[in-house]
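Novice: Before I ask anything, here is the structure I am working with.
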Amino acid sequence: MNLSAKIGIIMGSQSDLNIMNDAAAVLQELDIAYEITVVSAHRTPDRLFDYAKTASARGLKVIIAGAGGAAHLPGMVASLTHLPVIGVPVKSSNSIDGWDSVLSILQMPNGIPVATVALNAAKNAGLLAAQILSTADESIAQRLIDYKTILAQKVEDSALQMKQ
Ligand code: RP5
């Protein structure tokens, strides 16, 4: 456990790690402390309860939860904490083109929101989590501004190349 972690990244299975690593990578790039682990809603419900119930007291500010199939992990975590939860629908091997994961995470009933990113879009989940933290942290805000400046510069560079 990383006690200074501000963002918790969890996933339903180790098979989601390949996708969820994109969230970790962008947080590393932005120099934001995170913790990452596996918590299965249906295989380890007690672990899920413990993780979500202790998250805020452990210093986490945002939770990113990725899962595939009947992907109830993000919604269940959101039901157990007041922290913002970002859901990453993962296209698992038995999926119906990922729609199972997308709709399971996206279609939360009123009262328990999960901010859902696109299929397999763990990188955007990491960025969104950083943006939430940036509302109370000027240095993270500045790093996000720099990140976006670099993105824009890459487009300008490619436009220039096409012109030549
Ligand atoms: C979900 O089922 C996981 O989030 C994963 O995306 C999918 C398949 O899990 P494994 O059978 O590979 O463990 O619980």
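Novice: Identify, please: which residue in region 59-71 is assigned to a strand (DSSP E or B) and not hydrophobic (A, V, I, L, M, F, W, C) and is, among those, farthest from the ligand (Cβ to nearest atom)?
Specialist: In this case the residue turns out to be Gly66.
Novice: Out of Leu160, Leu119, Leu103, I need the residue that is part of a helix (DSSP H, G or I) and either away from the ligand (no atom under 16 Å from the Cβ) or under 22 Å from Asn21 (Cβ atoms) (or both). Which one?
Specialist: Testing whether each residue is part of a helix (DSSP H, G or I) and either away from the ligand (no atom under 16 Å from the Cβ) or under 22 Å from Asn21 (Cβ atoms) (or both) leaves just Leu160.
Novice: Go through (1) out of contact with any helix residue (DSSP H, G or I) (no Cβ under 8 Å at 6 or more places or on another chain); (2) within 16 Å of the ligand (Cβ to nearest atom); (3) not hydroxyl-bearing (Ser, Thr, Tyr) for Ala23 and report which single condition fails.
Specialist: (1)
Novice: Please find, among Ser4, Ser56, Ser40, the residue that is part of a loop (DSSP other than H, G, I, E, B), surrounded by 14 or more Cβ atoms within 10 Å (Cβ to Cβ) and either of a type in the set (Ser, Thr, Tyr) or at pLDDT 95 or above (or both). Talk me through it step by step, then tell me what you get.
Specialist: Values: Ser4 fails: surrounded by 14 or more Cβ atoms within 10 Å (Cβ to Cβ); Ser56 fails: surrounded by 14 or more Cβ atoms within 10 Å (Cβ to Cβ).
None of the other options fit; the residue is Ser40.
Novice: Does region 44-51 include one or more residues that are within 19 Å of Ala129 (Cβ to Cβ) and either away from the ligand (no atom under 14 Å from the Cβ) or within 11 Å of the chain's Cα centre (by Cα) (or both)?
Specialist: Yes: region 44-51 contains one or more residues that are within 19 Å of Ala129 (Cβ to Cβ) and either away from the ligand (no atom under 14 Å from the Cβ) or within 11 Å of the chain's Cα centre (by Cα) (or both).
Novice: Kindly provide the set of residues from region 72-100 that are in a helix (DSSP H, G or I) and either within 10 Å of the ligand (Cβ to nearest atom) or within 20 Å of Thr44 (Cβ to Cβ) (or both), ordered by number.
Specialist: Those that are in a helix (DSSP H, G or I) and either within 10 Å of the ligand (Cβ to nearest atom) or within 20 Å of Thr44 (Cβ to Cβ) (or both): Leu73, Pro74, Gly75, Met76, Val77, Ala78, Ser79, Leu80, Asp100.
Novice: Also, I was wondering about something else. Going by what's in this entry, would Asp31 be described as within 20 Å of Arg143 (Cα to Cα) and part of a loop (DSSP other than H, G, I, E, B)?
Specialist: When the stated conditions are applied, Asp31 passes them.
Novice: If Gly69 passes every condition in (1) in contact with a helix residue (DSSP H, G or I) (Cβ under 7 Å, 6 or more places away or on another chain); (2) buried (at least 24 other Cβ atoms within 10 Å of the Cβ) but one, which one does it miss?
Specialist: For Gly69, the failing item is (2).
Novice: Looking at region 33-49, I want the residues that are under 19 Å from Leu60 (Cα atoms) and have a partner that is among the hydroxyl-bearing types (Ser, Thr, Tyr) and more than 10 Å from the ligand (Cβ to nearest atom) with Cβ atoms under 7 Å, at least 6 apart or on another chain. Which pairs are those?
Specialist: Ala33/Ser4; Val39/Tyr51
The values are calculated or read from the model by the stated rules, or taken from the named source; none is laboratory data. The structure displayed is predicted, hence computed values, not measured ones. Cβ sites come from the backbone with ideal geometry, for glycine too, and all protein chains shown count toward neighbours.
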